[in-house]
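Trainee: First, the structure itself, so that you have it in front of you.
The values are calculated or read from the model by the stated rules, or taken from the named source; none is laboratory data. These numbers come from a predicted model, not from an experiment. Cβ placement follows ideal geometry from the backbone for every residue including glycine, while neighbour counts extend to all protein chains displayed. Heads up: the accessible areas ignore ligands, DNA and RNA and are worked out on the full protein's heavy atoms, side chains in. Shrake-Rupley method; radii C 1.70, N 1.55, O 1.52, S 1.80 Å.
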Amino acid sequence: MKSSFLKGNDTLSFALTTDLLLTVPLVYFLLIRKSKIAKTTVVPFMIIGLLIGSFFLPKESQSYLSIFKTWVLPIIEMSIIVFVLIKVRNAIRKYKGIKGSIPDFYNALKSTCYEILPRALVLPFVTEVAVFYYSFINWKTREVGANEYTYHKTSGTPALLYAFILVIGIETVVIHFLLTQWSIIAAWCLTALSIYSAIQIFGFAKSLTQRPISINEDSLTLKYGILNEVEIPFLDIDKVELSSKSLEKNVLTRTLSPLGEIESHNIIISLNTENELIGLYGRKKKFILLGLHVDDPKEFKEKIENALQQ
């Protein structure tokens, strides 16, 4: 319920707005300034204060909130975006210098966001940014290194994902015209949601070409675009098989592809200890047996076996 006693009291409205948008975030900042908590967590406190003010203050007392929304909030948003971009750029340069190879944008973005965002928000934020990055910004062909292996060239997954986009497009057009007869707003809301879904699928498909599997000095990094990834120490690997046989049904049996049995595998990796497959938005699944598809499975198997022997 909105407070009626604030109506016409401009001074009190200003004081409460200042407390919600400035005083509380400032006190929070002073409390965390010497801790390891990201300083950018002050911004959510401002947003919460804005929401509280919008809900509890009468409309006549929200003039200062409106000023904040119109002039201050966009500046804060742009500052955060610029700050993140600068941090990502520096992280990519640092990563490239350490690794001596083409940097992985997704990894660089994650490491940057862990420094400036609350941990619970990192993976959802990174996933959304990565989808748009791979969809609209990164169109260069990814050069594959000596110890890197692709998995999209002989797989039917990219074609399947693009087919999903085509189906979404056709169904959206048909349903849009049907819904306009009932509600124009509902029709456009559904269309916007369908476009967003198509962009996400397109970003997932593009990320398959940009994030190859890599054999490192003491570990194996498996990636399936931004949909799944895991780094397995060589000490945890029991054996690597060239096989397309069906995987046994088990809670610790997984496929690198989230499509499961829809996409065939040609490599099976058995572990001697559990590892965790990290999926979209940070979802984790334990496994001890993993099936995956590699474009050059024989060379991939030989390289891992040589690395295990060394």
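Trainee: Quick one: would you say residue 251 is on the phi < 0 side of the Ramachandran plot and buried (at least 16 other Cβ atoms within 10 Å of the Cβ)?
Mentor: In short, no.
Trainee: Within the range 94-105, can one find any residue that is closer than 19 Å to residue 203 by Cβ and either among the small types (Gly, Ala, Ser) or modelled with pLDDT of 80 or more (or both)?
Mentor: The answer is yes, given that some residue of the range 94-105 is closer than 19 Å to residue 203 by Cβ and either among the small types (Gly, Ala, Ser) or modelled with pLDDT of 80 or more (or both).
Trainee: Out of 222, 271, report the one residue that is touching a strand residue (DSSP E or B) at 6+ places or on another chain (Cβ under 6 Å), open to solvent by less than 20 Å² (accessible area, probe 1.4 Å) and in contact (Cβ under 8 Å) with a residue 60 or more places away in the chain.
Mentor: 222
Trainee: Given the conditions (1) of a type in the set (Gly, Ala, Ser); (2) farther than 30 Å from residue 310 by Cα; (3) open to solvent by less than 30 Å² (accessible area, probe 1.4 Å), and given that residue 156 satisfies all but one, which numbered condition is not satisfied?
Mentor: Condition not satisfied by residue 156: (3).
Trainee: Suppose we filter 54, 66, 4 for residues that are more than 24 Å from the chain's Cα centre (by Cα), at pLDDT 80 or above, over 24 Å from residue 115 (Cα atoms) and surrounded by fewer than 14 Cβ atoms within 10 Å (Cβ to Cβ); which single one remains?
Mentor: Testing whether each residue is more than 24 Å from the chain's Cα centre (by Cα), at pLDDT 80 or above, over 24 Å from residue 115 (Cα atoms) and surrounded by fewer than 14 Cβ atoms within 10 Å (Cβ to Cβ) leaves just 66.
Trainee: While we're on this one: Hey, residue 179 hits all of (1) closer than 16 Å to residue 226 by Cβ; (2) surrounded by 14 or more Cβ atoms within 10 Å (Cβ to Cβ) but one; which does it fall short on?
Mentor: (1)
Trainee: Looking only at strands (runs of 3 or more DSSP E) that fall completely inside the range 155-269, which ones have 1 or more residues that are in contact with a Phe, Trp or Tyr (Cβ under 7 Å, 6 or more places away or on another chain)?
Mentor: Qualifying strands (runs of 3 or more DSSP E): 213-215, 219-224, 253-255.
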